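The structure under discussion appears below in the form of structure tokens.
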Amino acid sequence: MKKILLILAVSFLATTTQAQKFAYVDTDYILNKIPDFKQAQDKLDALSADWQKEIENKYADVEQMYRTYQQEQVLLTDEMKVKREDAIIKKETAAKNLQQKYFGPEGELYIKRQELIKPIQDKIYDAIQQLAANNKYAIVFDSSSDLIMIYKNNNLDKSDKVLDLMGY
């Protein structure tokens, strides 16, 4: 009786495993084939470079103020030293706040990235869902993510089909 149950269990597992279909896509490849993504990425890069330059200028001002303070320190009264130090600290704090405003976790770069890139990623996700539903895939992996794929059969790569579904 135990042998029959064991044989039934093994055959059930074998049939359920065979029924599942798998595929993978490379979202980096897909994104790089979409012109809107390249334009959005270029816009983000330009904004980031402009903001980085602005922040570097603020820090350069702080550095200049500090060097000037060090050179003139011997000539300043204690009250003047405190005022200069406070001014340097305020300027440095303002630079750090600006950096956080632009590049922080909820900063303007993050918001702009959400605005420009997320709609494209949503389209890709919808196309992958459609592909999985149409072809009855149980799982679709992303080969560009941290998931380690020791072996991948190129016949299972559905990246170009996703692009077709999106009209690219």
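Just so it is clear, none of the values below were taken in a lab; they were calculated from the coordinates. Bear in mind that the values here come from a model prediction, so they are computed numbers and not experimental data. Cβ coordinates were reconstructed from backbone atoms using ideal geometry, including for glycine residues, and neighbour counts include every protein chain displayed.
Residues in the range 97-139 that are of a type in the set (Phe, Trp, Tyr) and either surrounded by 14 or more Cβ atoms within 10 Å (Cβ to Cβ) or more than 28 Å from ASP157 (Cα to Cα) (or both): TYR102, PHE103, TYR110, TYR137. Of all residue pairs spaced 6 or more apart or on separate chains, those with beta-carbon atoms under 8 Å, a first member in the range 103-119 that is over 22 Å from LYS53 (Cβ atoms) and a second member that is in a helix (DSSP H, G or I) and among the polar types (S, T, N, Q) are ILE117/GLN41.
The number of residues in the range 58-96 being surrounded by 12 or more Cβ atoms within 10 Å (Cβ to Cβ) and under 30 Å from GLN114 (Cα atoms) comes to 6.
Conditions (1) more than 29 Å from ASP42 (Cα to Cα); (2) hydroxyl-bearing (Ser, Thr, Tyr); (3) touching a helix residue (DSSP H, G or I) at 6+ places or on another chain (Cβ under 9 Å), marked per residue:
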| position | (1), (2), (3) |
| --- | --- |
| THR68 | yes, yes, yes |
| ASP78 | yes, no, no |
| ASP86 | yes, no, no |
| LYS91 | yes, no, yes |
| GLN99 | no, no, yes |
| ILE117 | no, no, yes |
| GLN121 | no, no, yes |
